[in-house]
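Scroll down for the structure; my scribbles are underneath it.
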Amino acid sequence: MREPAGNPQEPLAVSMGDPAGIGLEITLKAWAMRAKERLPPFVLFADPNAAAERARSLGLAVPIAPVEMLSAASETFKTALPVRSVPLGVRARPGVPDPANAAAVIASIEQATAAVAAGKAAALVTNPIAKHVVAGADFPYPGHTDFLAALAARHWPKRRHCAVMMLAAQALRVVPLTVHIPFVDVAKAISRNKICETVRITHAALKCDFGVQRPRIAVTGLNPHAGEEGTIGREEIDVIAPAIRELSAEGLDVTGPHPADTLFHATARATYDAAVCMYHDQALIPFKTVAFEDGVNVTLGLPFVRTSPDHGTAFGIAAAGCASASSFIESLKLAAAIAAARAAAKAA
């Protein structure tokens with residue numbers, strides 16, 4: 001059985017995301033700030049011509065260096081941005097997504113993931129994609145997380161993979177139990193087994209990847225006021241509370257179901273290391289309120305490290321050149337830190 005990848009001596013593999021979005025911009029800006037931010041070396045899987053054109057349009061003095069061998073990327077990174085070529089179908093125009101480039105967007109993720117799986121890259125950092133753009137290009141997944149779980153199955157076929165999304169920042173970590181599904185489907189997607197598995201994966205990641213020795217996990221309710229003892233819904237009584245009791249019996253420090261409207265102020269946040277929430281917005285609204293600039297999307301439960309900025313393609317500002325690279329920079333730093341932690345644990 002192949003062991004999880006993650007050699008911190010290797011460069012990070014960065015996928016380009018949608019080339020009409022801000023992914024290329026923030027990657028270029030991050031490289032330009034590599035010394036100030038003390039960034040780990042990374043290699044971009046993208047069209048070199050598109051990266052060079054974007055650098056010129058932004059007025060960034062970022063040399064582009066196509067690389068064939070990833071082993072050369074770390075040395076190249078000192079003086080130029082190493083780019084592993086993934087040709088686009090058509091010329092990218094900032095702010096104007098084109099389905100003709102969907103295949104290249106998908107190939108970039110696949111090739112960057114393959115590099116990590118082969119041990120040629122320490123971790124994967126993905127730039128944002130637009131689901132409506134790639135949907136028509138043989139991409140039957142609701143988002144990055146599900147696609148990465150499929151890629152994990154491709155490279156580690158003898159293992160079971162359950163990908164879990166975490167949004168992480170110094171101020172808060174949240175895990176949505178359900179992610180990219182319509183709100184009307186949330187209640188029926190919640191189950192005792194799903195809660196237990198998600199919390200167990202979160203607990204393991206907090207210990208192994210984030211160095212939390214005794215993780216404390218808070219679980220929200222689904223309904224207002226956590227159901228008000230069954231008067232505003234029974235999911236808390238019938239599903240969520242039994243899962244918490246099962247997890248507590250295993251020795252995990254898990255509390256809830258908590259009313260979501262009182263769980264995210266500063267005093268409450270001090271009582272837990274991560275919050276598992278029932279649906280996307282229940283987790284991401286408070287997270288982006290307190291950590292919009294420095295939040296990182298981390299995929300837990302996979303045999304490789306993957307992080308991403310906590311924002312989307314931002315087509316609306318892609319042509320303006322005003323995108324902040326802060327979240328992307330934090331994604332690079334966190335990916336390197338988790339890869340190093342896993343490598344140290346493996347060595348020990």
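The values are calculated or read from the model by the stated rules, or taken from the named source; none is laboratory data. In this text the structure is predicted, and so the values were computed from the model without any measurement. Note that each Cβ is placed from the backbone with ideal geometry, even for glycine, and that neighbours are counted across all protein chains shown.
Would you confirm whether any residue within region 70-82 is in contact (Cβ under 8 Å) with a residue 40 or more places away in the chain and in contact with a Ser or Thr (Cβ under 8 Å, 6 or more places away or on another chain)?
Yes, some residue in region 70-82 is in contact (Cβ under 8 Å) with a residue 40 or more places away in the chain and in contact with a Ser or Thr (Cβ under 8 Å, 6 or more places away or on another chain).
Of all residues in region 31-51, which are among the aliphatic types (A, V, I, L, M) and either over 10 Å from residue 81 (Cα atoms) or outside the structural domain of residue 124 (by TED's automatic domain parsing) (or both)?
33, 35, 39, 46, 50
What is the one condition in (1) surrounded by fewer than 20 Cβ atoms within 10 Å (Cβ to Cβ); (2) under 21 Å from residue 164 (Cβ atoms); (3) not aliphatic (A, V, I, L, M) that residue 321 does not satisfy?
Of the numbered conditions (1) surrounded by fewer than 20 Cβ atoms within 10 Å (Cβ to Cβ); (2) under 21 Å from residue 164 (Cβ atoms); (3) not aliphatic (A, V, I, L, M), the odd one out for residue 321 is (2).
Look at region 209-234 and say how many of its residues are assigned to a helix (DSSP H, G or I) and crowded, with 21+ Cβ neighbours inside 10 Å.
Of the residues in region 209-234, 2 are assigned to a helix (DSSP H, G or I) and crowded, with 21+ Cβ neighbours inside 10 Å.
Determine if region 144-165 includes at least one residue that is over 28 Å from residue 210 (Cβ atoms) and either modelled with pLDDT of 95 or more or crowded, with 21+ Cβ neighbours inside 10 Å (or both).
no
Return the residues of region 94-106 that are touching a residue at least 60 places away in the same chain (Cβ under 8 Å) and part of a helix (DSSP H, G or I); say none if nothing qualifies.
101, 104, 105
Could you list, in sequence order, the residues of region 118-135 that are under 17 Å from the mean Cα position of the chain (by Cα) and not basic (Lys, Arg)?
Those that are under 17 Å from the mean Cα position of the chain (by Cα) and not basic (Lys, Arg): 121, 122, 123, 124, 125, 126, 127, 128, 129, 130.
Pick from 195, 237: which is without any contact (Cβ under 8 Å) to a residue 12 or more places away in the chain and among the β-branched types (Val, Ile, Thr)?
Step by step, each of 195, 237 is checked, and only 237 is without any contact (Cβ under 8 Å) to a residue 12 or more places away in the chain and among the β-branched types (Val, Ile, Thr).
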